[in-house]
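Asker: Next up is a structure, given as C-alpha cells.
The values are calculated or read from the model by the stated rules, or taken from the named source; none is laboratory data. Fair warning: this is a prediction, and the values are worked out from it, not measured in the lab. Note that each Cβ is placed from the backbone with ideal geometry, even for glycine, and that neighbours are counted across all protein chains shown.
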C-alpha cells in the first residue's frame, strides 16, 4: 500500500504519527470489502451472492465503511512503523482526521515506545561512605530501651498517680452543646502519664489523682487539627479513673540478661546490643552508598519511559502501601477521608518514587547488559540454598514451589546485586568523618 507518514512528535517515549492514504487506495479497499459482502449477501429478489454491487453497498454501507476503516488503519499503521523505524510498546491511540469514499484518508496514531536509557558516566567516579563509632553511652541507651520493654506495671492501692504511671479510665466526650460523642468516648482507655505520650491537658488533669476519682478536662483543638470533626472545637472529657499502675523497671544485672535471652551475663547482653547496633548501621550505610551511586547515575543519564509504565508502577506502589497499612489495622481510604493523609501529595510522592524506581531498574539493566553481568546457574543455586535456610526447608523441596516467574525474579535480584557490587568496585569509595552513632542515625533518617 502506498502511504505517507510524518512524525509530528517524539518525546517522553511517545510518538505521534500523521498517516495518509490516497483516495484511490481508499476506494480500492472499500470496493474489495464490498465485493466480499456481495459474495455472501442474501437480498430479496436475488440469489445468494448475485445482487448487484451498488445494492449491496447501499444495504451494508455502514459495516463496509467500518471494515474498510479498520483494514486501512491496521495496514497503514504497521507500514508507517516500519518506514519510521519505530518499535511500539503499547497499542496506538487513533484520532481520525478525515475519511470518506472520495477523499484521502488521514489519521493520527499516538503510540508509546519501549523504555530507553542513555547512560552517563557510571565508572571511575568518587563517592563518600559514611563512618561512625559506637560508644558505651549508645549501648547503655539501647539497654535502657530493653529495660523499659521488660518493665512491670504494679497496681497502686490508694496512692496518687505520678510521672510515668499508667492510668486506666472510662472516658466520655461531649461537644460544646453537651451532646455525647461516642466516637471519642471509650472504656478502659489507658493514659501513660508522660508529656511525650499524651496532650498536656490530660497529663495535668490526671497527675496526682487516685483510683475512683472523676476528672473533667476541656481540650481546645487547633483550627488546622487533622481531624475535621474536632478542628477548632472545645471538647469536654469526663474521665472516671478505674486503676493506676506504677512502672517498675527491672534491675540491670546478670539475671536480667538471662530473662532477655540466651545470655550468661549482662556483659554478653551488652556485646549483643553492640553487634546489633553495628549491623543496623552497616546495612543502612551500605544502602545509602548504593543509593548515592545510583542517584548520580540516573541524574546523569537520559531516560524515555512510557506513561503507561509509570502509571502501572505508581499503582503498584499504592497497592503495596495499602496492603502494609491493612496489616497494621489501618485503612488508606479512611485516613484520606479524615484528612490524615493528603491524597494529592500522596499520589505525587508515589509517582515520583515510581519514576525513580523505573530509572534505577533501567539503569542497572543497561549497565549489566554493557558489562555482560548475568546470574549464572551457580548463582541461582546459591540463592535458592540461602532461601531454603531462611525458610527452614530443603532446597529440593523449595524448588518444587518455584514457578518460572519466581526463577526470573530471583535471577533479576542476583543480577542487580552483582551490578551494584560491580559499581562499588569500579568507583572510588572514600570513608567520611566518623560520626557519633546517634548523629549517624539522624542523618540516615533525613530525606
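Asker: Taking the stretch 124-140 as the region of interest, how many residues are farther than 15 Å from residue 444 by Cα and touching a residue at least 60 places away in the same chain (Cβ under 8 Å)?
Answerer: Of the residues in the stretch 124-140, 8 are farther than 15 Å from residue 444 by Cα and touching a residue at least 60 places away in the same chain (Cβ under 8 Å).
Asker: Could you list, ordered by first residue, the pairs with Cβ atoms under 6 Å in which the first is in the stretch 419-443 and assigned by TED's automatic domain parsing to the domain that holds residue 362 and the second is part of a helix (DSSP H, G or I) and crowded, with 16+ Cβ neighbours inside 10 Å, at least 6 apart or interchain?
Answerer: 419/364; 419/367; 419/368; 420/290; 423/293; 437/138
Asker: OK, next. Conditions: (1) at pLDDT below 95; (2) loosely packed, with under 15 Cβ neighbours inside 10 Å. Residue 198 meets all but one. Number of the miss?
Answerer: Just one mismatch for residue 198, condition (2).
Asker: I would also like to ask the following. Of the residues 313, 334, 268, 344, only one is modelled with pLDDT under 95, surrounded by 15 or more Cβ atoms within 10 Å (Cβ to Cβ) and part of a helix (DSSP H, G or I); which?
Answerer: Checking each option against the conditions leaves just 313.
Asker: What's the number of the condition residue 232 fails, among (1) in a strand (DSSP E or B); (2) within 30 Å of residue 174 (Cβ to Cβ)?
Answerer: Going through the list (1) in a strand (DSSP E or B); (2) within 30 Å of residue 174 (Cβ to Cβ), residue 232 breaks only (1).
Asker: Let me ask another. Need the failing condition index for residue 146 against (1) in a loop (DSSP other than H, G, I, E, B); (2) out of contact with any strand residue (DSSP E or B) (no Cβ under 8 Å at 6 or more places or on another chain); (3) modelled with pLDDT of 95 or more, just the number.
Answerer: (1)
Asker: If you don't mind, there's one more thing I want to ask. For the stretch 68-84, state whether one or more residues are more than 51 Å from the chain's Cα centre (by Cα), in a helix (DSSP H, G or I), in contact (Cβ under 8 Å) with a residue 12 or more places away in the chain and more than 22 Å from residue 8 (Cα to Cα).
Answerer: Scanning the stretch 68-84 turns up no residue that is more than 51 Å from the chain's Cα centre (by Cα), in a helix (DSSP H, G or I), in contact (Cβ under 8 Å) with a residue 12 or more places away in the chain and more than 22 Å from residue 8 (Cα to Cα).
Asker: Restricting to the stretch 289-310, and then to whatever is in contact with a helix residue (DSSP H, G or I) (Cβ under 6 Å, 6 or more places away or on another chain) and part of a helix (DSSP H, G or I), can you tell me which residue is nearest to residue 112 (Cα to Cα)?
Answerer: Step by step, filter the stretch 289-310, then rank; the result is 310.
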